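All remarks here apply to the structure that follows.
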Amino acid sequence: MPSFRSLAPLAFCTLFSCGSSSKGVTSTNTVSSLSAAAPLIALASPVASRSGQAASSKSLTRLRDATSSGTASAMSLPDQIAAIKTRLGQTTVNACLKGIQLVATEAQTSCFGPSLAYLNYPDSTTGYQSMTSGCAISTGNPGDGCLPSGDLGIWSATEPTGEACTSATMNAQVLSVSSVVNSAVTLMAGLICVAQVNGADLTAGAAALDLHDTINSNLGTALTTASLQRLADQSDGRATYRIAIIGTVNGTPLSVTAVHSPGDTTGNGAAGLISGYLDNTDSMMQEQYRKAFSVLYGIASGSVTYELRSGGTSTDVPLSALFGADGTFDFAAQLARRDGSGMASGGTFERARIDGTTGLGTLVHAWQAGNADPYTRVFQATTSAGASGSADTGYGYFGFGPVLDSADLGSIVGMWCNWAGPGSQVGTANVNTTNVQAQTMTRDATSGLFIPVTTDITYAPTNDCNATASSGFVYEPFGPTGSPSMQDLQKLTPSDVTNDLVPLGTLGVIPDVPSPAPYAIPAS
């Protein structure tokens with residue numbers, strides 16, 4: 001599986017103002033008016049089960065990181081927003097900060113992008129070197145070996161739980177890319193809650209409230225800044241707040257800033273930008289890297305639009321080199337980095353529009369595994385409520401698209417069936433086929449999980465996406481214990497494989513999601 005450390009993925013977010021409208025926050029702040037400073041933004045999966053929706057367990061994904069193990073559940077959007085609002089309503093400092101921790105989670109599914117062991121690869125060429133780490137196939141024949149993880153797309157229709165692979169993989173990527181942003185927002189909400197409890201005053205142009213001593217003494221953090229400030233109002237009279245957190249949490253250096261303008265009492269008109277980084281250790285490579293991100297968001301007519309950009313660099317890359325003039329993560333600068341000038345680990349792009357009540361909507365999610373990769377891997381998905389109380393439904397596509405700094409980022413051009421195998425034409429030709437993988441889903445009433453209805457994902461990992469029994473080509477994905485053995489593969493019977501990939505749009509056209517409007521940050 002790809003590391004997902006670039007904060008990507010496939011996530012939904014929302015923003016609501018909490019309490020009063022954005023105007024009239026004066027020296028007589030009440031708890032509700034100060035809560036308006038909180039950017040209630042949560043990255044959450046559009047296919048996660050909601051609290052009380054089903055009797056059985058929610059979508060579970062395996063965790064793979066240095067601080068967590070086992071499984072975790074993808075929290076729904078309404079559940080996360082409710083938790084933040086509850087924190088904002090606490091009346092003691094201890095309650096404001098209870099349970100806050102910084103979590104950088106990496107998660108994976110078994111159905112998406114497994115490593116693959118093979119014999120008699122039909123496109124094999126002399127001199128090809130297969131992956132060697134963990135591969136039990138070593139014959140000296142360039143047609144025998146293993147393919148690395150992350151490149152095969154949707155390999156199985158479901159996870160062992162019965163959940164559709166499109167849904168489960170979206171949840172896993174959300175857990176991987178949202179943990180840092182959501183942890184930072186929770187910490188910010190705790191900071192605002194403390195300011196309320198202390199009866200703090202926020203007036204436009206006043207000095208920032210710095211609460212790092214309170215945060216440090218209660219959480220055991222080593223923050224040098226934990227500040228809340230009201231900036232000059234927007235040109236339309238809306239208040240603007242800036243929250244900054246700098247220092248170390250659980251031994252992890254971080255710097256996160258949120259600038260936020262609340263909307264009206266229903267949240268309409270709210271907008272803002274969250275950006276920053278944290279320095280972490282990659283669980284596979286055991287190397288330190290800087291995980292940088294930006295989230296630009298806005299809400300209108302009850303619908304949220306957001307755009308997340310992120311990437312990993314070496315820890316010596318300064319803030320000024322991470323973000324562009326508009327304050328968002330700079331993909332062009334990221335792709336220009338090579339070894340010795342910032343870690344060349346690619347990045348993640350995600351844009352979504354969702355309904356603020358149901359958490360359903362449309363997303364585009366693209367990630368590039370390395371700066372030199374000539375394509376991104378792309379998910380496009382949409383979910384909607386069923387008519388007359390029937391089950392929620394959705395569909396999605398997976399394929400490959402243009403690189404992170406392309407004007408067409410997020411689009412899908414087709415499928416690379418042979419991305420990294422013998423005879424791969426990546427870098428020298430267009431995609432193997434303009435068709436893509438596709439899956440339709442419906443929410444199961446008993447489990448609350450999205451389960452597959454139709455699935456078109458089958459292909460052979462070859463240049464023409466097909467295989468014949470006469471070639472002797474056999475393959476098997478890695479399992480829980482690792483690589484299949486030679487004996488395992490020799491027991492397989494070669495068979496004809498004809499792909500069932502479909503043209504993009506076969507299940508329906510994914511609705512367009514425009515970029516949020518740029519957010520103007522007033523002077524202090």
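If you scan region 115-130, which residues turn out to be touching a helix residue (DSSP H, G or I) at 6+ places or on another chain (Cβ under 9 Å) and either on the phi > 0 side of the Ramachandran plot or outside any loop (DSSP other than H, G, I, E, B) (or both)? Ala117, Tyr118, Leu119, Asn120, listed by residue number.
When Thr462 is tested against (1) surrounded by fewer than 16 Cβ atoms within 10 Å (Cβ to Cβ); (2) more than 18 Å from the chain's Cα centre (by Cα); (3) not basic (Lys, Arg), exactly one condition is not met: (1). One residue stands out among those in region 145-154 that are more than 19 Å from Leu507 (Cα to Cα) and part of a loop (DSSP other than H, G, I, E, B): the one that is modelled with the lowest pLDDT, which is Gly150.
Screening region 459-490 for residues that are under 30 Å from Ala381 (Cα atoms) and not in a loop (DSSP other than H, G, I, E, B) and picking the one that is modelled with the lowest pLDDT gives Gly479. Among the residues making up region 432-458, those that are part of a loop (DSSP other than H, G, I, E, B) and touching a residue at least 40 places away in the same chain (Cβ under 8 Å) are Thr434, Asp444, Ala445, Thr446, Ser447, Gly448, Leu449, Ile457, Thr458.
The rows are residues; the columns are (1) modelled with pLDDT under 90; (2) buried (at least 22 other Cβ atoms within 10 Å of the Cβ); (3) touching a Lys or Arg at 6+ places or on another chain (Cβ under 8 Å); (4) of a type in the set (S, T, N, Q).
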| position | (1), (2), (3), (4) |
| --- | --- |
| Gly237 | yes, no, yes, no |
| Tyr289 | yes, yes, yes, no |
| Ile299 | yes, yes, no, no |
| Asp326 | no, no, no, no |
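Evaluating Thr376 against the criteria (1) surrounded by fewer than 23 Cβ atoms within 10 Å (Cβ to Cβ); (2) within 25 Å of Leu147 (Cα to Cα) leaves one unmet condition, (1).
Test Asp79 against the criterion of being of a type in the set (Asp, Glu), touching a Lys or Arg at 6+ places or on another chain (Cβ under 9 Å) and either modelled with pLDDT under 85 or within 28 Å of Gln437 (Cα to Cα) (or both), and give yes or no.
Here the answer is yes, as Asp79 does meet what is asked.
Met131 meets all of the listed conditions (1) surrounded by fewer than 20 Cβ atoms within 10 Å (Cβ to Cβ); (2) out of contact with any Pro (no Cβ under 6 Å at 6 or more places or on another chain); (3) closer than 19 Å to Cys417 by Cβ but one, namely (2). Filter region 379-435 for residues that are more than 24 Å from Ile354 (Cα to Cα) and among the hydroxyl-bearing types (Ser, Thr, Tyr); which is surrounded by the most Cβ atoms within 10 Å (Cβ to Cβ)? The extreme case among them is Ser424. When region 189-211 is filtered for residues that are touching a helix residue (DSSP H, G or I) at 6+ places or on another chain (Cβ under 9 Å) and closer than 22 Å to Thr248 by Cβ, the ones remaining, listed by number, are Ala189, Gly190, Leu191, Ile192, Cys193, Val194, Ala195, Leu209, Leu211.
Could you say whether any residue in region 131-144 is without any contact (Cβ under 8 Å) to a residue 60 or more places away in the chain and part of a strand (DSSP E or B)? The answer is no; no qualifying residue exists. Looking only at region 491-507, which residues are closer than 21 Å to Ser411 by Cβ, in a loop (DSSP other than H, G, I, E, B) and β-branched (Val, Ile, Thr)? Listed by number, the list holds a single entry, Thr506. Filter region 355-369 down to the residues that are more than 15 Å from the chain's Cα centre (by Cα) and either at pLDDT 75 or above or buried (at least 24 other Cβ atoms within 10 Å of the Cβ) (or both) and list them by number. Answer for region 355-369, where residues must be more than 15 Å from the chain's Cα centre (by Cα) and either at pLDDT 75 or above or buried (at least 24 other Cβ atoms within 10 Å of the Cβ) (or both): Asp355, Thr357, Thr358, Gly359, Leu360, Gly361. None of Phe478, Phe473 is among the aromatic types (Phe, Trp, Tyr), more than 21 Å from Gly150 (Cβ to Cβ) and in contact (Cβ under 8 Å) with a residue 40 or more places away in the chain except Phe473. Within region 493-513, if we keep just the residues that are surrounded by fewer than 15 Cβ atoms within 10 Å (Cβ to Cβ) and over 35 Å from the mean Cα position of the chain (by Cα), the residue that is farthest from Ile457 (Cα to Cα) turns out to be Thr493.
The values are calculated or read from the model by the stated rules, or taken from the named source; none is laboratory data. Predicted, not measured: the structure shown is a model, and the values here were computed from it. In this analysis, Cβ positions are derived from the backbone assuming ideal geometry, glycine residues included, and neighbour counts consider all displayed protein chains.
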